[in-house]
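Remarks on the structure that follows.
The values are calculated or read from the model by the stated rules, or taken from the named source; none is laboratory data. Remember, it's a predicted structure, so these values are computed and weren't measured experimentally. All Cβ positions, glycine included, derive from the backbone under ideal geometry; neighbour counts span all protein chains shown.
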Amino acid sequence: MNYPWLDEYCTAKVGAIKEWKAEWGAFRFMVGGKMFVLKGTYQTGRPIVTLKLAPADGDLLRNKYKDVIPGYYMNKVHWNSVYLDGQVPDKIVKEMIDQSYALIFTSLTKKAQKEIMSQHG
């Protein structure tokens, strides 16, 4: 599997936690109670991560990389999946994680954002 740094990169985000979702057979990376990355397997058994992106960015990446597909089991407009055994450059996957985290973090209430920031000084 590519991207051996993935879990550490996600959990290094301010306020991020990793939890196992047994019903899904997948790990979720959460901030403020909301998921920003889902790490699991595609219906074919290939390992994937699913992330939230601005629709235009998701379209661009899907057109550029065959290993970026519409979000598996998610809203296909806002969520995108990346095959972890694929060829998407590390830099691009990190940018996708960054954008997903930012979109989810900014969707939290100002109070929740402040709380997370104050806990992680």
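For residue 40, the requirement of being touching a helix residue (DSSP H, G or I) at 6+ places or on another chain (Cβ under 9 Å) and either among the small types (Gly, Ala, Ser) or over 27 Å from residue 116 (Cα atoms) (or both) is not met. State whether one or more residues within the stretch 28-37 are out of contact with any Phe, Trp or Tyr (no Cβ under 7 Å at 6 or more places or on another chain), closer than 16 Å to residue 7 by Cα and of a type in the set (Val, Ile, Thr). No: the stretch 28-37 contains no residue that is out of contact with any Phe, Trp or Tyr (no Cβ under 7 Å at 6 or more places or on another chain), closer than 16 Å to residue 7 by Cα and of a type in the set (Val, Ile, Thr).
Count of the stretch 1-28 residues, restricted to those that are without any contact (Cβ under 8 Å) to a residue 40 or more places away in the chain, in contact with a helix residue (DSSP H, G or I) (Cβ under 8 Å, 6 or more places away or on another chain) and hydrophobic (A, V, I, L, M, F, W, C), is 2. For the stretch 104-117, the count of residues that are of a type outside the set (Asp, Glu), under 22 Å from residue 27 (Cα atoms), over 14 Å from the mean Cα position of the chain (by Cα) and in a loop (DSSP other than H, G, I, E, B) is at least one.
Taking the criterion of being of a type outside the set (A, V, I, L, M) and more than 13 Å from the chain's Cα centre (by Cα), the residues of the stretch 20-38 that qualify are 20, 21, 23, 24, 25, 32, 33.
Regarding residue 64, is this residue over 23 Å from residue 22 (Cβ atoms), surrounded by fewer than 16 Cβ atoms within 10 Å (Cβ to Cβ), out of contact with any strand residue (DSSP E or B) (no Cβ under 9 Å at 6 or more places or on another chain) and in contact (Cβ under 8 Å) with a residue 24 or more places away in the chain? Answer is no for this residue. Candidates in the stretch 43-58 are the residues that are under 25 Å from residue 26 (Cα atoms) and more than 16 Å from the chain's Cα centre (by Cα); of these, the one that is modelled with the highest pLDDT is 46. No other residue among 112, 102 is of a type in the set (A, V, I, L, M, F, W, C) and either without any contact (Cβ under 8 Å) to a residue 24 or more places away in the chain or within 21 Å of residue 46 (Cα to Cα) (or both) apart from 102. Condition test on residue 94, is it assigned to a loop (DSSP other than H, G, I, E, B), surrounded by fewer than 18 Cβ atoms within 10 Å (Cβ to Cβ) and either at pLDDT 95 or above or in contact with a Leu (Cβ under 9 Å, 6 or more places away or on another chain) (or both)? No. Checked against (1) at pLDDT 95 or above; (2) within 12 Å of residue 81 (Cα to Cα), residue 30 passes all but a single condition, namely (2). Filtering the stretch 63-80 down to residues that are out of contact with any Leu (no Cβ under 8 Å at 6 or more places or on another chain) and assigned to a strand (DSSP E or B), which residue is nearest to residue 103 (Cα to Cα)? Of everything passing the filter in the stretch 63-80, 70 is nearest to residue 103 (Cα to Cα).
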